[in-house]
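Report on the structure given below.
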Amino acid sequence: MVTPPTSSLSTVTAATRQPLLYAALAFAAGIASGVYVWRPPLWFIVAIVVFAAAAGYWMRARPILARVMGHAVLFWLGCFSIQVRPPAAFPDIANFSDGNEVVITGHVVRTGILRDDGFGALRQTLDLQAEQVQREEISSAVDFGVRLTLYSREAQQADAATAPRTVLYRYGERISARQSCVRPGTSAIRAHSITSAT
């Protein structure tokens, strides 16, 4: 009786069946640790070099220990990558926040909810992702968020036919608002007119 030859794939252990999964988990654990634990970046570089040298040294004699050292390299590399990332860039809105009137065009990223503000007024607060700011004849492409609060009076019974109706803006709608902007914390931004942008 002839026995079929055994494949070398059948001798692969279960621990090595997901090497990229374990590598990704080690890197992700490093990122998560690097967010909360600050150390000088040089320490991470030294740790990466030491663990990589140890993994290379133990590659033939102790492959399991070398694999653990390799995952430690990825862990420290994740810590290092999150520590040396550049800070988030904040938009320069000083040119637009001097109190002069500007037109901000953007799309709604958080739907406003109509609420009764008392004395017959309705209030709607929504968040815009600004795409363009225009002042006089100068138009600038921008990328920042704007919180817009809209106030409108409910129409009385006598002038209900001629009064403008309150519009509830939904997610994704593109609108354009003419307003005078001021620096945050000094005064509220007052919207003078809002139109749906096409």
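The values are calculated or read from the model by the stated rules, or taken from the named source; none is laboratory data. Computed from a predicted structure; not experimentally measured. Quick reminder, even Gly has a Cβ in these numbers, built from the backbone with ideal geometry, and neighbours come from all protein chains shown.
Values as computed for the structure displayed
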read-out: Where a residue in region 99-128 is assigned by TED's automatic domain parsing to the domain that holds Ser180 and free of Cβ contacts under 8 Å to residues at least 60 places away in the same chain and its partner, wherever it lies, is of a type in the set (Lys, Arg) and surrounded by 14 or more Cβ atoms within 10 Å (Cβ to Cβ), with Cβ under 8 Å and at least six apart; value: Leu114/Arg123; Arg115/Arg123; Asp116/Arg123; Asp117/Arg123; Leu126/Arg110; Asp127/Arg110
read-out: Residue match in region 70-85 (condition: out of contact with any Lys or Arg (no Cβ under 7 Å at 6 or more places or on another chain), in contact (Cβ under 8 Å) with a residue 40 or more places away in the chain and not in a helix (DSSP H, G or I)); value: yes
read-out: Lone qualifier among Gln83, Gln179 - being surrounded by 15 or more Cβ atoms within 10 Å (Cβ to Cβ) and at pLDDT 80 or above; value: Gln83
read-out: Extreme residue, modelled with the lowest pLDDT, among residues of region 113-165 that are more than 20 Å from the chain's Cα centre (by Cα) and among the β-branched types (Val, Ile, Thr); value: Thr162
read-out: Subset tally (residues that are in a helix (DSSP H, G or I) and modelled with pLDDT under 50) for region 9-28; value: 3
read-out: So Glu101, is it of a type in the set (Asp, Glu), crowded, with 16+ Cβ neighbours inside 10 Å and modelled with pLDDT of 80 or more; value: no
read-out: Hits in region 111-141 - residues which are closer than 15 Å to Ala177 by Cβ and of a type outside the set (Ser, Thr, Tyr); value: Gly112, Gln124, Leu126, Asp127, Leu128, Gln129, Ala130, Glu131, Gln132, Val133, Gln134, Arg135
